[in-house]
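Take a look at the structure below.
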Amino acid sequence: FPDVLCPRESTFEFLDDVFSEVAELFPAPYIHIGGDEVSKVRWEQCADCRALMKREALAGYGELHGWFVNRVEAIVNARGKRIIGWDEILDGEVRPSAVVMSWRGMDGGIEAATAGHDVIMTPLEHVYFDFYQSESLDEPMSIHGLTRLSDVYRFQPLPEALTEAQKSRVLGAQANLWTEYVKDEDSAERRVLPRMTAL
């Protein structure tokens with residue numbers, strides 16, 4: 001969607017209120033801020049964004065994305081929490097304290113661990129359980145994609161490309177079940193099992 005939050009002070013005041021409430025409600029040490037699939041169309045059309053980029057010496061909209069993430073991280077850190085963001089947050093320069101979830105494949109996780117980030121591996125080709133499980137005609141309607149049981153079994157969350165020290169930055173793996181096409185509990189269970197057991 002093209003409509004995203006504009007990096008104005010009023011936006012950060014709003015986010016400060018939201019994350020203050022979230023931090024109070026949930027005791028976990030992390031808050032997931034998303035940060036994926038951020039369209040830059042509105043930012044490119046925004047005079048405030050252009051002025052901010054000039055003032056902060058940001059070379060492009062990817063750097064503006066990173067600047068935005070760093071501002072949000074400061075808000076979350078002030079509540080005693082760490083941020084988690086999808087691998088697109090690496091498009092800008094984000095601090096190594098941000099945890100990165102690598103969903104677009106393994107490369108984002110490798111890049112993140114190499115740069116000193118903690119990582120959660122969740123690549124769509126292995127652990128997106130909202131994808132079809134097979135090419136059988138009795139598969140329930142799914143968004144797209146194919147994640148066979150064998151794809152999950154083959155998943156290695158610790159890439160050989162990483163050193164042992166970098167591998168220690170991989171906190172674990174996560175499967176995803178997005179629910180646009182999941183209508184009830186039986187449908188969810190059919191998608192999760194037996195793939196979750198394989199993971």
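The residues of region 181-191 that are part of a loop (DSSP other than H, G, I, E, B) and within 12 Å of PHE129 (Cα to Cα), listed by number, are TYR181, VAL182. Against the list (1) more than 28 Å from LEU58 (Cβ to Cβ); (2) touching a helix residue (DSSP H, G or I) at 6+ places or on another chain (Cβ under 6 Å); (3) not β-branched (Val, Ile, Thr), the condition GLY108 fails is (1). Every condition in (1) in contact with a Gly (Cβ under 8 Å, 6 or more places away or on another chain); (2) in a strand (DSSP E or B) holds for GLY172 except the one numbered (1). Of all the residues in region 146-174, those that are open to solvent by 80 Å² or more (accessible area, probe 1.4 Å) and touching a Pro at 6+ places or on another chain (Cβ under 6 Å) number 0. Kindly establish whether HIS117 is touching a residue at least 40 places away in the same chain (Cβ under 8 Å) and within 14 Å of the chain's Cα centre (by Cα). Yes. With respect to (1) in contact with a strand residue (DSSP E or B) (Cβ under 9 Å, 6 or more places away or on another chain); (2) of a type in the set (A, V, I, L, M); (3) over 23 Å from GLN174 (Cβ atoms), the lone exception for ALA47 is condition (1). Answer yes or no as to whether LEU25 is under 26 Å from ARG82 (Cα atoms), of a type in the set (A, V, I, L, M), more than 18 Å from the chain's Cα centre (by Cα) and open to solvent by 90 Å² or more (accessible area, probe 1.4 Å). Yes: the conditions hold for LEU25.
The values are calculated or read from the model by the stated rules, or taken from the named source; none is laboratory data. Since the structure is predicted, the reported quantities are computational estimates derived from the model, not experimental observations. Methodologically, a virtual Cβ is constructed for each residue, glycine included, from the backbone with ideal geometry; neighbour enumeration extends over all protein chains shown. Heads up: the accessible areas ignore ligands, DNA and RNA and are worked out on the full protein's heavy atoms, side chains in. Shrake-Rupley method; radii C 1.70, N 1.55, O 1.52, S 1.80 Å.
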